Amino acid sequence: MTIAPQLRADEQFFLDRVAPVLERRCVRCHNGDNAKGGLDLSTAKGLHEGGDSGEVLAAAVEESLLLEMVTGEDPAMPEGGPALTQEQIADLRQWIKT
């Protein structure tokens, strides 16, 4: 019998709702040594450190650069692809709040 560690609700939400969006829509350009803008979204460390433009997460959700880049009438990210859905943006917003 294998006993899996119990995840906090915010960790489970990240794994279920946020990580898949980052993996499908962001990590292609923001990963490892070739991370655009110096932003590596493929690791927790990279996500929390930010990139050349500074931190991408902020205590005040609406000041989060990550949220700013994916929202708006003409979102800057994801580059070359369709904008994130309103549900994906709401999930990011909720996760950043936690």
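Summarised as an ellipsoid, region 10-60 has semi-axes of 18, 14, 8 Å, derived from the eigenvalues of the Cα gyration tensor scaled by 5 and square-rooted, with the largest first. Mean separation of Cα pairs under 8 Å and 6 or more residues apart, divided by the residue count, gives region 29-91 a relative contact order of 15 percent. What net charge do the residues around Asn31 carry, taking every other residue with its C-beta under 11 Å from that of Asn31, with Lys and Arg at +1 and Asp and Glu at -1? Combined, the nearby Lys, Arg, Asp and Glu give -1.
Between Leu57 and Arg17, full extension at 0.36 nm per residue minus the direct alpha carbon distance yields a gain of 12.7 nm. Its convex hull of Cα atoms gives the chain a direction-averaged projected area, equal to a quarter of the hull surface, of 7.3 nm². The value of relative contact order for region 1-65, using C-alpha pairs under 8 Å at least six residues apart, is 15 percent. For region 21-98, the solvent-accessible area of protein heavy atoms averages 63 Å² per residue (probe radius 1.4 Å; ligands and nucleic acids excluded).
When only DSSP loop residues count, what trypsin sites (Lys or Arg not before Pro) in region 21-98 have their Cβ near at most 16 other Cβ atoms within 10 Å? Passing sites in region 21-98 are Arg28.
For helix 86-97, report the angle its Cα long axis makes with the longest principal axis of the Cα atoms of the chain; keep it between 0 and 90° and round to the nearest 10°. That helix lies at roughly 70 degrees to the long axis.
Heavy-atom surface analysis with a 1.4 Å probe gives region 38-98 a carbon and sulfur content of 48 percent of its accessible area.
The values are calculated or read from the model by the stated rules, or taken from the named source; none is laboratory data. Predicted, not measured: the structure shown is a model, and the values here were computed from it. Neighbour counts are summed over all protein chains in view; Cβ atoms, including those assigned to glycine, are modelled from backbone coordinates with ideal geometry. Quick note on the areas: whole protein, heavy atoms, side chains included, nothing else; ligands and nucleic acids left out. Shrake-Rupley method; radii C 1.70, N 1.55, O 1.52, S 1.80 Å.
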